[in-house]
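A short worksheet on the structure shown next.
The values are calculated or read from the model by the stated rules, or taken from the named source; none is laboratory data. Predicted, not measured: the structure shown is a model, and the values here were computed from it. Here the Cβ positions follow ideal geometry from the backbone for every residue, glycine too, while neighbour counts run over all protein chains shown.
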Amino acid sequence: MRLTAKSSQAVVWLLALTPGLLALLFLNPSDFSSPGAVLNLLGRLTGIWGMALLLVAAGLCCRVPGFDRPFGGLTKLWQLHHRLGAVAFLLLLLHPLLLAFSAASISLPAAVQTLFSDRSAVIWGWVALLALMIFMAPSFSFFGEAEYQRWKFVHRLAGVTVVLGLVHTLLLSRTLPGAWGPVIWGLWAAAALFAISYRWVFSRWRGRQPYRLVAIDRPARNVVELSLEPRAAALRYDPGQFVYLTPTDPQLSAGRGEEHPYTLSSAPGERLLRIAIKDLGDASRALQTLTLDTEVRIEGPYGRFFPSPEAPPEPELWIAGGIGITPFLSRLRHCARTGEALNAHLIYCVQDETRVLFGEELRQLEAQLPESRITLHYFYREGPLEREFIERACSDAAQRFAYLCGPLPLIDRARGQLQGLGVPRARIVTEEFVLL
Amino acid sequence: MKKTVFAAFVAFWSSVGTMLALFALAPAATLAEGETEYTLEEVAEHASLEDCWMAIKGKVYDFTDYVPQHPAPPPVLEPWCGCEATEGMTTKGYGRDHSPAAWESMEAYQVGVLSEAEGPE
């Protein structure tokens with residue numbers, strides 16, 4: 001059975017909510033005997049749910065290739081991870097406050113002692129909560145936007161808070177009676193630990209495949225297309241998927257040993273793996289100067305942009321912006337190579353004629369694919385993408401399945417215009433370039 | 001979402017700060033003078049769930065009205081009625097202390113103190 005993105009998300013939320021729902025079975029009338037008792041119950045439940053959501057969010061960070069597909073790609077899986085983490089954070093902030101407010105029904109000193117006592121469980125709880133605040137601060141931009149690598153490093157430490165939180169939970173847990181507490185927390189923690197160790201240990205030694213850089217093309221002044229030859233097993237992937245690339249070139253000025261996500265531009269059947277990279281930051285700028293014959297490491301593939309080849313074919317409308325052409329290029333190259341039928345209309349949005357990437361090759365591919373068309377949209381001439389432009393270029397746009405890839409402002413713009421044309425949200429698939 | 005979380009973060013520290021400020025500013029509770037003294041024999045006369053007294057850390061409590069509200073069911077409390085129950089309070093029978101809130105909530109049920117000569121402390 002194929003899981004849809006919605007049902008996969010529902011399964012994850014259910015897993016996260018299970019410990020708290022189980023706790024509801026063990027409530028007794030004294031939990032509702034007074035406002036103070038109800039606050040105390042809510043305080044305990046927010047603790048259980050916060051901890052469980054945190055464990056499940058940690059579990060989602062494993063990034064096993066293929067695991068992201070039922071969720072509609074890694075970006076969607078990360079968004080789910082963000083939502084779980086944010087809700088967990090809110091619940092965990094409420095947890096000590098509700099318990100203190102509950103004790104305030106006895107007296108103010110009782111409330112303050114609930115928050116600040118020298119019992120080890122309470123101290124562990126504070127250590128975990130403060131650590132969570134520190135490690136999550138860059139994720140929520142508490143003190144401004146964080147730099148990517150620093151954010152990534154600090155965010156990894158959030159795993160530590162999960163362990164601290166578990167110590168606190170196991171010292172105190174009374175809402176899940178008897179063996180239920182240790183069993184439930186043990187299972188959830190084991191799943192999270194497995195996921196974290198996959199990411200930190202296994203993927204580092206076995207998940208990253210070595211490739212050798214054998215050719216460099218320059219489709220524009222600030223774009224390179226790297227051709228990579230596998231030194232071990234070659235990656236199996238679909239058009240539109242992306243990989244994490246880690247360069248090892250000692251000459252690199254920045255980003256050596258750092259992994260960053262890039263979309264594959266080659267067709268899956270090609271012997272060489274091709275990746276087109278635009279200079280968008282320190283690491284991608286340094287990659288423009290990568291030396292031939294050096295080694296890079298590739299982990300993936302991730303993402304699910306295009307429909308699976310088994311799905312019944314439907315006419316497609318593609319909207320690409322700038323370097324966002326890469327997944328479409330991969331698909332066009334693939335269909336031209338294999339002779340697979342493709343009914344797609346590509347609207348390629350760029351600033352002006354000099355910014356068209358792979359222009360010559362795109363024209364050749366269009367000529368080889370009789371049912372597909374390519375229209376260029378120049379911002380300097382047309383202004384922002386309008387629905388009238390889309391309709392003029394592709395008269396049956398509203399009946400097509402839409403795929404958008406490019407910078408966020410263009411995606412937002414195109415999505416709005418397509419919805420104005422009557423394309424339902426469920427028929428618009430997007431691939432954003434965001435922090436991953 | 002980021003704004004919501006940041007607002008919650010600020011609200012959290014404001015609430016903790018408010019609670020601490022109120023605690024620091026509120027006048028300390030005065031201790032009652034001339035408390036009634038009881039011996040352990042007198043406490044032992046109230047050894048049923050219908051009339052349940054306990055001596056804990058030198059103080060004497062009448063928990064009769066509290067028994068139905070206790071989170072653990074009444075039979076758990078029954079053996080401690082009429083007894084020196086500090087151990088029950090500090091271990092819950094399985095090595096875990098009651099919460100500070102629980103300790104604090106006992107005050108409402110105090111009826112006196114244990115005679116000087118007796119009691120563990």
I'm trying to understand the selection: among the residues of segment A:379-397, which are surrounded by fewer than 19 Cβ atoms within 10 Å (Cβ to Cβ) and either part of a helix (DSSP H, G or I) or within 30 Å of the chain's Cα centre (by Cα) (or both)? A:PHE379, A:TYR380, A:ARG381, A:GLU382, A:PRO384, A:GLU386, A:ARG387, A:GLU388, A:PHE389, A:GLU391, A:ARG392, A:ALA393
If you take the residues in segment A:279-307 that are within 20 Å of the chain's Cα centre (by Cα) and of a type in the set (Gly, Ala, Ser), which one is nearest to A:TYR244 (Cα to Cα)? A:GLY300
Say whether the condition of being in contact (Cβ under 8 Å) with a residue 40 or more places away in the chain, surrounded by 13 or more Cβ atoms within 10 Å (Cβ to Cβ) and under 20 Å from the mean Cα position of the chain (by Cα) is met by at least one residue in segment A:206-219. yes
The number of residues in segment B:47-94 that are under 25 Å from A:PHE32 (Cβ atoms) and basic (Lys, Arg) is 1
Only unsatisfied item for A:ALA131, checking (1) within 13 Å of chain B (Cβ to nearest Cβ); (2) closer than 18 Å to A:HIS95 by Cα, is (1)
Check segment B:4-27 and report whether any residue there is surrounded by fewer than 17 Cβ atoms within 10 Å (Cβ to Cβ), out of contact with any Cys (no Cβ under 8 Å at 6 or more places or on another chain) and outside any helix (DSSP H, G or I). yes
Within segment B:38-75, tally of residues that are among the aliphatic types (A, V, I, L, M) and at pLDDT below 85: 1
Matching entry among A:VAL112, A:VAL160, A:VAL183 (being surrounded by fewer than 16 Cβ atoms within 10 Å (Cβ to Cβ) and touching a Phe, Trp or Tyr at 6+ places or on another chain (Cβ under 8 Å)): A:VAL160
Are any residues in segment A:170-190 closer than 21 Å to A:HIS95 by Cβ, more than 14 Å from every other protein chain (Cβ to nearest Cβ) and β-branched (Val, Ile, Thr), and if so, which ones? A:ILE184
Any residue that is closer than 17 Å to A:GLN149 by Cβ and not assigned by TED's automatic domain parsing to the domain that holds A:GLY322 - is there at least one of those in segment A:262-272? yes
Out of (1) surrounded by fewer than 19 Cβ atoms within 10 Å (Cβ to Cβ); (2) under 19 Å from A:ALA393 (Cα atoms), the one A:GLN368 does not meet is (2)
Members of segment A:302-345 that are over 17 Å from A:GLY269 (Cβ atoms) and touching a helix residue (DSSP H, G or I) at 6+ places or on another chain (Cβ under 6 Å): A:TYR302, A:GLY303, A:ARG304, A:PHE305, A:LEU317, A:TRP318, A:ILE319, A:ALA320, A:GLY321
Give me a count of the residues in segment A:134-148 that are within 11 Å of another protein chain (Cβ to nearest Cβ) and outside any loop (DSSP other than H, G, I, E, B). 2
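Quick test for you: out of A:ALA195, A:ALA191, pick the one residue that is in contact (Cβ under 8 Å) with a residue 60 or more places away in the chain, among the small types (Gly, Ala, Ser) and surrounded by 19 or more Cβ atoms within 10 Å (Cβ to Cβ).
A:ALA195
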Could you name every one of the helices (runs of 4 or more DSSP H) located completely within segment A:1-120 that has at least 2 residues being away from chain B (no Cβ under 14 Å)? A:5-25, A:35-59, A:74-104
Among the strands (runs of 3 or more DSSP E) lying completely within segment A:275-358, list those that include at least 1 residues that are touching a Ser or Thr at 6+ places or on another chain (Cβ under 8 Å) and assigned by TED's automatic domain parsing to the domain that holds A:TYR237. A:295-302
Any residue in segment B:56-74 that's within 11 Å of another protein chain (Cβ to nearest Cβ): show its pairings with residues that are at pLDDT 85 or above and part of a loop (DSSP other than H, G, I, E, B) at Cβ separation under 9 Å, as long as the two are six or more apart or on different chains. B:VAL67/B:LEU49; B:VAL67/B:GLU50; B:VAL67/B:CYS81; B:HIS70/B:PHE63; B:PRO74/B:LEU49
How many of the residues in segment A:243-275 are under 14 Å from A:GLU225 (Cα atoms) and either touching a residue at least 60 places away in the same chain (Cβ under 8 Å) or buried (at least 18 other Cβ atoms within 10 Å of the Cβ) (or both)? 10
Options B:PHE23, B:PHE9; residue that is within 10 Å of chain A (Cβ to nearest Cβ), touching a Leu at 6+ places or on another chain (Cβ under 8 Å) and at pLDDT below 90: B:PHE23
Assess whether A:LEU193 counts as being at negative phi and within 14 Å of chain B (Cβ to nearest Cβ). no
